[in-house]
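Peer 1: Dropping the structure in here first, questions after.
Read-outs: derived from the displayed coordinates by stated rules, not from any lab. What you see is a predicted model; the values in this text were computed from it and never measured. Cβ placement follows ideal geometry from the backbone for every residue including glycine, while neighbour counts extend to all protein chains displayed.
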Amino acid sequence: MIQFHAVSLAYQQDATALQNISCRVTKGEFVFLTGPSGAGKTTMLRLIYGALTPTRGQVLIDGQNISRYRRSQLPLLRRSIGVVFQDFKLLQNRTVFENVAITLEVLGWDRGDIGRRVMHILRQMGMESKIHLIPQRLSGGEQQRVALARALVNSPKILLADEPTGNLDDANKQQIMNIFKEANVKGTTVVVATHDRRLIEHAHYRTIRLLGGELAGHEGVGDAVIP
Amino acid sequence: MRSSRNVVKRPTMSHQGASGRLRYFFGRAMTNIRQNLFVNAVTVGTITLALLIVALFMLLVVNLENAAESWSERVQVTVYFDRDLASQEQADLQRRIQTLPGTAKVTWVSRDEAFRRFKMRLKGQDTLLEGVRPDILPTSFEIALKRNNRSSEAVEAYVSRLKTLPGIGEIQYGEEWVRRFNTFLTFMRLVGALVGGFLLVPVIFIVSNTIRLTIYARRDELEVMSLVGATRLFIKMPFLIEGLLQGVAGGLLSLLLLVLFYQLFLHNAGNFLTFNPASSGLAFLPVEFMVALVLAGALLGFLGSLTSLRRFMADN
């Protein structure tokens with residue numbers, strides 16, 4: 001489903017963010033991307049949802065080389081990918097409900113259907129009583145759950161999460177992980193970038209390790225590296 | 001990308017079709033305005049003040065043009081005859097002059113009328129004219145010219161056409177006055193265009209920068225929309241409609257303020273002016289200028305949003 005073929009990326013000529021990365025994530029898999037800060041985890045995620053283009057190599061999603069996508073093709077790609085950010089990226093002037101509904105508005109859903117679907121996902125997240133609040137009134141864990149609801153509301157094929165538990169306490173971390181697992185059980189391919197060793201150890205999923213922009217190895221089942 | 005997995009069924013789209021989409025974008029723009037009231041108020045206020053400056057200048061130019069227009073009515077051609085005309089000849093000639101391109105009105109001035117006017121000019125010194133009889137003055141036609149034929153070149157061209165008619169003797173049209181008046185008009189319009197141009201540049205600059213700042217404040221929205229798969233048009237449209245509405249609101253408010261200032265001026269000008277502006281032919285902006293002002297506001301808002309969006313969306 002997701003393939004990196006000898007991908008390198010340099011922000012400037014002398015600042016290489018990724019160096020010759022080759023790896024694969026199969027459909028329906030749950031994978032951790034790990035490594036210290038600056039290892040290239042976020043850069044890899046950004047390459048998957050088309051926010052960056054590799055300097056060399058190819059990024060393929062379902063066999064399609066998205067590095068060659070025109071700007072007008074990116075929206076279609078992104079509609080099948082849910083992204084969760086460490087800083088949540090919630091719209092501060094919109095309510096919880098509106099923040100989640102935005103994904104379906106973009107897809108052109110009918111308003112009634114949007115209402116039903118958004119309520120359904122927020123109920124799953126335990127946020128149905130807070131639909132009228134703006135993000136500033138929520139705790140970090142709640143904001144993360146809203147961000148997750150926004151990413152999952154249209155049942156994307158791929159879910160990407162960048163340090164999703166970075167600022168959360170243990171209880172919230174567990175809750176967020178459960179939501180990831182649930183999505184994965186339903187068939188969503190999940191890629192979580194994190195440097196939280198405890199999270200990785202408890203989850204028992206395959207891990208792709210990065211170090212200084214290079215692939216440093218992989219642990220667990222599956223074929224992470226294509227030689 | 002194909003998947004056999006059972007994804008959420010995509011229901012019917014509420015804004016399919018051009019009108020449905022436009023309704024959605026318009027609704028979104030209205031919601032955005034409600035949710036960002038302060039930012040919108042700042043933008044509308046800036047557009048209002050900027051357009052008010054332009055509108056005040058337009059009002060000044062319109063009134064100067066009106067004054068020039070009434071002065072230009074003094075551009076007229078007087079035709080004398082090479083001999084006394086029979087009344088049939090005079091009527092024929094008057095008809096021929098009337099059909100000349102550029103003629104607005106032809107008035108016959110009899111000897112008595114000419115003498116009466118002469119006496120009027122010498123008011124207070126009537127005794128000078130004792131013993132002078134009206135028939136010493138010649139008869140003439142006074143020709144008023146159409147508006148577009150009052151420039152010095154047009155008047156000269158008209159006079160040369162006039163000379164070809166039979167029976168025409170001397171022609172007077174105050175060449176020097178016409179020339180000076182036209183130079184004054186050209187100068188006034190040039191200064192108007194220059195000042196207007198100098199006003200317009202900062203107005204466009206201020207408005208576009210205000211809109212840029214307000215869009216910058218909402219760049220998260222642009223980013224999130226882009227991340228959830230919105231097309232560029234989908235992201236831009238509500239902002240463009242918002243810009244358009246802000247511009248129209250700014251245009252209408254500036255007009256309202258202009259009316260208020262104008263009325264205030266009319267009512268209070270007597271206190272500091274030696275003439276009464278209400279009875280001196282002072283005019284408000286014509287309808288087409290008012291429409292142009294509102295349209296200019298709409299254009300400013302729209303283009304300001306468009307250029308700012310281009311800049312910020314390039315990053316996503």
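Peer 1: State the Kirkwood hydrodynamic radius of chain A in Å, one decimal place, computed from all pairs of distinct Cα atoms.
Peer 2: About 18.0 Å, per the Kirkwood formula over Cα pairs.
Peer 1: Could you tell me which trypsin sites (Lys or Arg not before Pro) in the range B:189-267 are loop residues by DSSP with no more than 16 other beta carbons within 10 angstrom of their beta carbon?
Peer 2: Answer by residue number: there is no such site.
Peer 1: Also: For peptide B:217-227, compute the average count of partner chain beta-carbon atoms within 10 Å of each residue's beta-carbon.
Peer 2: Per residue, the average neighbour count from other chains is 5.
Peer 1: So, in Å, what gap is there between the alpha-carbon centers of the range B:29-100 and the range A:1-75?
Peer 2: Taking the Cα centre of the range A:1-75 as reference, the centre of the range B:29-100 is 65 Å away.
Peer 1: Would you calculate, for chain B, the mean residue ellipticity at 222 nm contributed by helices, counting each DSSP H stretch of 4 or more residues as -39,500 (n - 2.57) and dividing by all residues, to the nearest 500?
Peer 2: Using -39500 (n - 2.57) per qualifying helix, the result is -23000 deg cm²/dmol.
Peer 1: To the nearest whole number, what is the average tally of beta carbon atoms from other chains within 10 Å of the beta carbons of peptide A:73-83?
Peer 2: Average per residue, whole number: 4.
Peer 1: Further question: In degrees, nearest 10, range 0 to 90: what is the angle between the Cα axis of helix B:175-217 and the longest Cα principal axis of chain B?
Peer 2: 10
Peer 1: Assuming a strict under-28 Å limit between Cα atoms, what lysine pair count do you get for chain B once near-sequence pairs (fewer than 8 apart, same chain) are dropped?
Peer 2: Close lysine pairs found across chain B: 5.
Peer 1: What are the principal axis extents of the Cα atoms in chain B, in Å, biggest first?
Peer 2: Principal axes ranked by extent give 115, 51, 29 Å for the Cα atoms.
Peer 1: Sticking with this one: What translational diffusion coefficient, to the nearest whole µm²/s, does the protein assembly as shown have by Stokes-Einstein, given a Kirkwood radius computed over alpha-carbon pairs, a temperature of 4 °C and 1.567 mPa s viscosity?
Peer 2: The diffusion coefficient I find is 43 µm²/s.
Peer 1: Arrange the peptides B:35-41, B:170-176 so that the one whose residues have, on average, the most other Cβ atoms within 10 Å appears first.
Peer 2: Order by mean packing, descending: B:35-41, B:170-176.
Peer 1: Can you tell me which of B:44-57, A:178-191 comes out highest on packing, and rank the rest after it, using the mean Cβ neighbours within 10 Å?
Peer 2: The most tightly packed comes first, giving B:44-57, A:178-191.
Peer 1: Give me the one-decimal nm value for the distance between modelled label points at B:Glu69 and A:Ser72, 7 Å along each residue's Cα-to-Cβ direction.
Peer 2: Here the modelled spin labels are 4.9 nm apart.
Peer 1: May I ask for the angle, rounded to the nearest 10°, between helix B:87-99 and the longest principal axis of chain B, with both axes built from Cα atoms and the value confined to 0 to 90°?
Peer 2: 20
Peer 1: What distance in nm lies between label points placed 7 Å from Cα along the C-beta direction at B:Leu190 and B:Leu22?
Peer 2: 4.6
Peer 1: List, in order, the whole-Hz ³J(HN,Hα) value for each residue of the range A:59-72 obtained from phi through the Karplus relation with A = 6.51, B = -1.76, C = 1.60 and θ = phi - 60°; use x for Gly and Pro.
Peer 2: 10, 10, 10, 6, x, 9, 6, 6, 5, 9, 5, 6, 4, 6
Peer 1: While we're here: Assuming R0 = 56 Å, what is the FRET efficiency of A:Met119 and B:Val62, from their Cβ-Cβ distance, to the nearest 0.05?
Peer 2: 0.45
Peer 1: Calculate I(q)/I(0) for the range B:76-172 by the Debye formula, one identical point scatterer on each C-alpha and no solvent, and give its log10 at q = 0.21 Å⁻¹ to two decimals.
Peer 2: -1.03
Peer 1: How high is the FRET efficiency from B:Ser110 to B:Val287, r the C-beta distance, R0 45 Å, rounded to 0.05?
Peer 2: 0.60
Peer 1: Given the protein assembly as shown, what percent of its DSSP beta bridges are antiparallel, to the nearest 5?
Peer 2: Of the beta bridges lying entirely in the protein assembly as shown, close to 65 percent run antiparallel.
Peer 1: Quantify how much of the Cα-Cα distance distribution of the range B:121-176 extends past 18 Å, in percent.
Peer 2: It works out to 52 percent of all Cα pairs.
Peer 1: Roughly what would the spin-label model give for A:Arg56 and B:Glu142, points 7 Å off Cα along C-beta, in nm?
Peer 2: Each label point is offset 7 Å from its Cα along the Cβ direction, giving 9.3 nm.
Peer 1: Between the range A:149-203 and the range B:134-206, what is the separation of their alpha carbon centroids in Å?
Peer 2: Measuring centre to centre over Cα atoms gives 82 Å.
Peer 1: Do any trypsin sites (Lys or Arg not before Pro) in the range A:42-89 lie in a loop, going by DSSP, with at most 12 other beta-carbon atoms within 10 Å of their beta carbon, and if so which?
Peer 2: A:Arg70
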